1. Within the stretch 276-312, how many residues are in contact with a strand residue (DSSP E or B) (Cβ under 6 Å, 6 or more places away or on another chain) and basic (Lys, Arg)?
2. Test of understanding: among GLN341, GLN326, GLN275, GLN348, which residue is polar (S, T, N, Q), at pLDDT 95 or above and on the phi < 0 side of the Ramachandran plot?
3. Condition first: of a type outside the set (S, T, N, Q) and within 14 Å of ARG151 (Cβ to Cβ). Now tell me which residues in the stretch 24-44 satisfy that.
4. For ALA138, only one of the following conditions fails: (1) among the aliphatic types (A, V, I, L, M); (2) touching a Leu at 6+ places or on another chain (Cβ under 8 Å); (3) over 20 Å from TYR56 (Cβ atoms). What is its number?
5. Filter the stretch 12-28 for residues that are buried (at least 17 other Cβ atoms within 10 Å of the Cβ) and either acidic (Asp, Glu) or at pLDDT 95 or above (or both) and give the result.
6. Which ones in the stretch 169-179 are free of Cβ contacts under 8 Å to residues at least 40 places away in the same chain and either crowded, with 19+ Cβ neighbours inside 10 Å or over 21 Å from VAL25 (Cβ atoms) (or both)?
7. Looking at GLU134, GLU97, can you tell me which residue is in contact with a Ser or Thr (Cβ under 6 Å, 6 or more places away or on another chain) and in contact (Cβ under 8 Å) with a residue 40 or more places away in the chain?
8. Among (1) modelled with pLDDT under 95; (2) under 19 Å from PRO239 (Cβ atoms), where does LEU31 come up short?
Amino acid sequence: MSSQNDQSQSEDTHINVADGVDHQVAMVMDLNKCIGCQTCTIACKSLWTEGGGREYMYWNNVETKPGEGYPRGWEDSGGGWESGEHKERKTGEIPSEEEYGRPWEFNHSEIMYEGSDEPLRPREGAEWGPNWDEDQGAGEYPNSYYFYLPRICNHCTHPSCVEACPRSALYKRAEDGIVLVDQDRCRGYRYCVEGCPYKKVYYNTVSKNSEKCIFCYPRLEGEGPDGETYAPACAEECPPQLRLVGFLDDEAGPIYKLVEEYEVALPLHPEFHTQPNVYYIPPYAPPQHTDEGETVDVERIPRQYLEELFGERVHDALDTIERERQRVRQGGESELMELLQHKNPAKQYRLEVFEDA
């Protein structure tokens, strides 16, 4: 990679708050904790996208990597920016219905009410859908590998979807940087769908408007029945609690420490130059072994593949994590390991830190 690309990647991962935004809400997901249970997906689906043109939408999805993801082949669909200067957008594509996967009708009634012994399956032949290639991964026995990648809208600092909209229907909220769609201004042109390189903006064929993850902002604002502030549903409902939620500019919070101080939380595909505000702790795994079960000094998940996902900084991030793990093994203390392991919601979700500012 050239020095110019190194510089642009550094610009994309440096923490700053977008112009006109007071504070930037963010999320860190530890991929070493994700078990692929899809609880986050169902929590989001049941809360926001059950019907009315949203049947195919998954504002939160969990895909297996290596894999084609949802929609199929989204990583090669274009969008984003040409460089870290954010002056020229890359041309993108609008995924087809087949690439998202058509919503299937299953034979529930025959099995549940008519006594059929046939297995549960779609009524018509299914060729692709969300999480179609679950647990396939890559590599060969006995050293095959895969891991799970949860994805939501990244609420980017430089969102190309906002720039793509000719009606300024997409915007970043001033108070927290959440990217939203003004439904009154939207006309369903779908330039935002084309412009997002992560393909996390969706077109509603019933309302004829675009829709997307809203970071559960009503929960953040305490609009629930008890008036309490809650993290997004995908975070609260996660059984292994792999998500931390807070603000990038909260220097006492875990997200700032993981992203800025320890530099172990990384954006997905930094080469898209949108500066995502959802970050990932990269996965690590036991080393490879021979057919006889002997351990060999070869990493099971190739660093080259992780670099394709998270950029060159993934090497330093993994080295830092391993160094801190070794320190704890030897009886020492590690703030980083504590940050990655604690289950105290007051520390995991720092959402009211700026309320009195």
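The values are calculated or read from the model by the stated rules, or taken from the named source; none is laboratory data. Every value quoted in this text rests on a predicted model; they were computed, and no experiment measured them. Note that we place each Cβ from the backbone using ideal geometry, even for glycine, and neighbour counts take in every protein chain shown.
1. The total comes to 1.
2. GLN326
3. Of all residues in the stretch 24-44, those of a type outside the set (S, T, N, Q) come to 25-31, 33-37, 40, 42-44.
Across the stretch 24-44, the qualifying residues are MET27, VAL28, MET29, LEU31, CYS34, GLY36, CYS40, CYS44.
4. Result: ALA138 fails condition (2) only.
5. ASP12, VAL21, HIS23, GLN24, VAL25, ALA26, MET27, VAL28
6. The initial filter retains those residues of the stretch 169-179 that are free of Cβ contacts under 8 Å to residues at least 40 places away in the same chain, namely 171, 179.
VAL179 - this is the single residue of the stretch 169-179 that is free of Cβ contacts under 8 Å to residues at least 40 places away in the same chain and either crowded, with 19+ Cβ neighbours inside 10 Å or over 21 Å from VAL25 (Cβ atoms) (or both).
7. Numbers: GLU97 fails: in contact with a Ser or Thr (Cβ under 6 Å, 6 or more places away or on another chain).
Answer to the selection: GLU134.
8. Of (1) modelled with pLDDT under 95; (2) under 19 Å from PRO239 (Cβ atoms), only one is false for LEU31: (1).
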